[in-house]
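Worksheet for the structure shown next.
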Amino acid sequence: MTANITTPKFSPAEIKSEGLTLDEYQMICDRLNREPNKAELGMFGVMWSEHCCYKNSRPLLKQFPTTGDRILVGPGENAGVVKITDDIAIAFKIESHNRPSAVEPYQGAATGVGGILRDIFTMGARPVAILNSLRFGELTDPWVRSRVNGIVNGIAGYGNCIGVPTIGGEVYFDKAYNRNPLVNAMAIGIMETKEIVKSGAAGIGNPVIYVGSTTGRDGMKGASFASAEISDKSEQSHSAVQVGDPFLEKALVEACLEAFKTGAVVAAQDMGAAGLTCSTSEMAAKGGVGVVLDLDKIPARETGMTPYEYLLSESQERMLFVAHKGREAELIEIFERWGLHAVVAGEILEEPIVRILWHGEIAAEIPATALADNTPIYHRQLADTPDYAKKAWAWDEKSAIAAFPLISPNDALLQLLDTPAIASKAWIYRQYDHQVQNNTVILPGGADAAVIRLRSQGFGTGELGTAQSQIDSLVGVAATVDCNARYVYLDPYEGAKLAVAEAARNLSCVGSEPLSVTDNLNFGSPENAIGYWQLHEACRGIADACRELSTPVTGGNVSLYNETIDSKGNSQPIYPTPVIGMVGLVEDVTKVVGQGWQAVGDAIYLLGSDRASLAASEYLASVIGEVTGRPQPVNFELERKVSFACRQGITQGLVQSAHDCSEGGLAVAIAESSISGKLTAQIQLSQPDDLNLIQVLFGEGASRIVVSVKESDRPAWEAYLVGQLSHSWQHIGTVSESAKDLTIAVGGERAIALSLSQITKSFNEAIPKRMGHTL
């Protein structure tokens, strides 16, 4: 039924201020068969934001594979859940906190960590690890440096205080992010309850319990803020940024897990984006029921709050429970014992509506599905390949190389190691506590993926869960976050496939079998033809790659409108950045390997293709100063074989170290293994007739891993490689003493000769010196 609205009670400016269009306002009136009041308009504004309803991306997300033998919970819940063993399951997810971190870097990043942790323990899982994927602009810019300091401090401040280790991540620097940093936080938890806690409300008449912290005016309309471009006015939007308390959340973790174990909780929902509005409407819609909530019962930290403010506040460390009737007191006692608020604030209704009471009157009444499910969905038309991409794809590598300035390979390698995107991130991760809980197997910077030991918490029907089994468990999980956004910018389809492939390869480099994906899609405006083309093609690439590698997607986050609008109204989007968070099974944590050389005399091998290209490469961008070319596509048949060979070599105890060839190519990978192992190498590379010296050293391509093997194991290893990889491998050198130079010869001619101290200095000092710090 269409509501006949001739003169809306709200002005176009008021409607726009809620993040809604005039057409969407008419949709709201149609769903209500009347005009909304102020509180209801605000509720629709946050729930119909891209951040909450995915109105531009939902059709694209449907193509992702989401099922598999190990998938216990897929998209649609607070986090995905994957079976590791019969006794162990993990919950994991990634989410963004980009806009808040740009405006208020410390609290923006801190509450991003707090929010993703709540998604994990809301499922009944104890958080055991945090990773993060960060993007910043150029470090020559004081504004960027202030965001680096604030964001890193915020991640450290929350994660360190709550006692969850930050075990890994990635950090890139590029002018594409100069005023639009990206903060993507990923968390992993081990299931601690017998049953997975879901969010769908059930049981007519069951009480609705508000638990956790008080509600204030912080984080107002944060979901809408997260769905808009950054402009000069965004700097004034501090009220849209939440304020976190990690010590209170630590108590909330323990209280929630204790409450879940009683069996008295029917459903639970974190109050994150859109706060009370989201938690009430989503719980009701998922359960096919309604909910009534009395705002007078909600613990408030400020006086004079209106229904609009209660409903749109994103104050942190809050949850909403549906409890079995008659067991309210049992749950309230648990939370009060932990020093937290817990009040019965409503109940479940048979009629599928969200009814909000205030001062004894109805302040808002909306069909639950109108807020959570029956939202606008935009099927946008895919434009032709944009001109910038066509121009990049027409780049001729051979003629371009001929025009390159003369730069010695030694100087080029040192320059690449000094590039912040490649250089050591130790200055950043040393601020994080990565060993709390005592389960971290590989420390940050030591390998291509993070690894933690998993100790059974009694999930499922198995016999584990005893103290002895927790001590003796050798099972672990590996995790990584990956995305080369330059690849995605230059070819969104192939670039997204390459991101998934690299994530799986990084897991394989520690001996882990890739299992599942959580993704964070950071893009510009989908209303722009180029922005939507990038989003569409990247989603298609992720879907195809996940099918190829049997890594279904369990959920994630979409962050659109990552654009900066200057004072003149010009908009600059970020690079399309679909971050891939991936987890993998480690059957025996005592067998994992790192990236550094282990012993003098070990043989070094290149697994995979010897084909590499400077198109879209770090060399082309950082040394030559050009962003162009089309990244080499991934050959999934070879990718699977190379990764499998690496995993098997590690499992059998043959491979002593493994390192993926990524940014900077083979020369950078060899240098990084030398720096990590504090040993050098003597390398001899062949030079295919059609490849230039620079292409061999610094060209990039998928499906390439550098491994080292004991000299005594060479016959067994090479026999295995012949059967598994045929001709797609080569012995390229030997690990040497630290006192010797790292040498790389190409086609019999020495191209690189640098001391360990030279490459280590460039690699380790790049970020500290730009941040104004010394090691």
* Residue among 16, 55 that is within 31 Å of the chain's Cα centre (by Cα) and open to solvent by 60 Å² or more (accessible area, probe 1.4 Å) -> 16
* Among the residues of the range 687-707, is there at least one that is basic (Lys, Arg) and either assigned to a helix (DSSP H, G or I) or over 11 Å from residue 612 (Cβ atoms) (or both)? -> no
* For residue 375, which of the numbered conditions (1) in a helix (DSSP H, G or I); (2) hydroxyl-bearing (Ser, Thr, Tyr); (3) touching a Cys at 6+ places or on another chain (Cβ under 6 Å) fails to hold? -> (1)
* Asked: residue 59 versus (1) outside any helix (DSSP H, G or I); (2) farther than 23 Å from residue 311 by Cβ: which is the lone unmet condition?
  -> (1)
* Residues (touching a helix residue (DSSP H, G or I) at 6+ places or on another chain (Cβ under 7 Å), in contact (Cβ under 8 Å) with a residue 60 or more places away in the chain and either open to solvent by 70 Å² or more (accessible area, probe 1.4 Å) or closer than 18 Å to residue 696 by Cβ (or both)) located in the range 759-774 -> 773
* To do: Identify the residue in the range 382-392 that is in a helix (DSSP H, G or I) and either β-branched (Val, Ile, Thr) or under 29 Å from the mean Cα position of the chain (by Cα) (or both) and, among all such residues, is farthest from residue 575 (Cα to Cα).
  => 392
* **Subset of the range 79-95 (residues that are open to solvent by 10 Å² or more (accessible area, probe 1.4 Å) and within 17 Å of residue 185 (Cβ to Cβ))** => 93, 95
* Give 553, 475 a once-over and let me know the one that is open to solvent by less than 10 Å² (accessible area, probe 1.4 Å), aliphatic (A, V, I, L, M) and either over 21 Å from residue 641 (Cα atoms) or touching a strand residue (DSSP E or B) at 6+ places or on another chain (Cβ under 6 Å) (or both). => 553
* Asked: Looking at the range 221-247, which of its residues are part of a helix (DSSP H, G or I), among the aliphatic types (A, V, I, L, M) and either surrounded by fewer than 19 Cβ atoms within 10 Å (Cβ to Cβ) or modelled with pLDDT under 55 (or both)?
  -> 223
* In the range 382-430, what residues are open to solvent by 60 Å² or more (accessible area, probe 1.4 Å), of a type in the set (S, T, N, Q) and touching a residue at least 60 places away in the same chain (Cβ under 8 Å)? -> 415
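Look at residue 172 and say whether it is surrounded by fewer than 24 Cβ atoms within 10 Å (Cβ to Cβ) and of a type outside the set (D, E, K, R).
yes
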* **In the range 31-73, residue farthest from residue 198 (Cα to Cα) [restricted to those that are among the acidic types (Asp, Glu) and in contact (Cβ under 8 Å) with a residue 60 or more places away in the chain]** => 40
* **Candidates 201, 185, filtered to the one that is at pLDDT 95 or above, of a type outside the set (S, T, N, Q) and either assigned to a loop (DSSP other than H, G, I, E, B) or under 29 Å from residue 568 (Cβ atoms) (or both)** => 201
* Asked: Tell me, which residue of the range 6-31 that is of a type in the set (D, E, K, R) and outside any helix (DSSP H, G or I) is farthest from residue 220 (Cα to Cα)?
  -> 9
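If you scan the range 310-327, which residues turn out to be surrounded by fewer than 19 Cβ atoms within 10 Å (Cβ to Cβ) and charged (D, E, K, R)? Before the answer, list the steps.
Keep residues of the range 310-327 that are surrounded by fewer than 19 Cβ atoms within 10 Å (Cβ to Cβ), which gives 324-327.
Answer for the range 310-327, where residues must be surrounded by fewer than 19 Cβ atoms within 10 Å (Cβ to Cβ) and charged (D, E, K, R): 325, 327.
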* Asked: Which ones in the range 345-381 are within 35 Å of the chain's Cα centre (by Cα), of a type in the set (Val, Ile, Thr) and either open to solvent by 20 Å² or more (accessible area, probe 1.4 Å) or over 26 Å from residue 264 (Cα atoms) (or both)?
  -> 366, 369, 375, 377
* Please verify whether the range 554-561 includes one or more residues that are among the aliphatic types (A, V, I, L, M) and assigned to a strand (DSSP E or B). => yes
* Structure fact -> Residues of the range 248-290 being at pLDDT below 95, touching a Lys or Arg at 6+ places or on another chain (Cβ under 9 Å) and either in a loop (DSSP other than H, G, I, E, B) or on the phi > 0 side of the Ramachandran plot (or both), in sequence order, are 271, 272, 274, 275
* Structure fact -> Per the filter on the range 629-659, residues crowded, with 21+ Cβ neighbours inside 10 Å and closer than 30 Å to residue 390 by Cβ are 629, 631, 632, 634, 639
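Which residue is farthest from residue 258 (Cα to Cα), if the candidates are limited to the range 120-169 and must be of a type in the set (A, V, I, L, M, F, W, C) and open to solvent by 30 Å² or more (accessible area, probe 1.4 Å)?
Going through the qualifying residues, I end up with 143.
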* Some residue of the range 673-693 being at negative phi, charged (D, E, K, R) and modelled with pLDDT of 95 or more -> no
* Structure fact -> Within the range 603-619, residues more than 27 Å from the chain's Cα centre (by Cα), of a type outside the set (Val, Ile, Thr) and buried (at least 20 other Cβ atoms within 10 Å of the Cβ) come out as 603, 605, 606, 607, 608, 610, 612, 614
* Would you mind stating whether residue 293 is open to solvent by less than 10 Å² (accessible area, probe 1.4 Å), touching a strand residue (DSSP E or B) at 6+ places or on another chain (Cβ under 7 Å) and outside any helix (DSSP H, G or I)? => yes
* Asked: Looking at (1) touching a Pro at 6+ places or on another chain (Cβ under 7 Å); (2) open to solvent by 10 Å² or more (accessible area, probe 1.4 Å), which is the only condition residue 528 fails?
  -> (1)
* **Pick from the range 114-142, criterion in a strand (DSSP E or B) and basic (Lys, Arg), ranking: nearest to residue 477 (Cα to Cα)** => 126
* Asked: Is it fair to say residue 567 is open to solvent by 20 Å² or more (accessible area, probe 1.4 Å) and either closer than 30 Å to residue 720 by Cβ or hydroxyl-bearing (Ser, Thr, Tyr) (or both)?
  -> yes
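For the range 22-53, which positions are of a type in the set (Val, Ile, Thr) and modelled with pLDDT of 95 or more?
Within the range 22-53, just 28 meets the criteria.
The values are calculated or read from the model by the stated rules, or taken from the named source; none is laboratory data. Note that this is a predicted model, so its numbers are computed, not measured. No Cβ is skipped: glycine too gets one built from the backbone with ideal geometry, and neighbour counts run over all protein chains shown. These area figures cover heavy atoms from the full protein model, side chains too; ligands, DNA and RNA do not enter into them. Shrake-Rupley method; radii C 1.70, N 1.55, O 1.52, S 1.80 Å.
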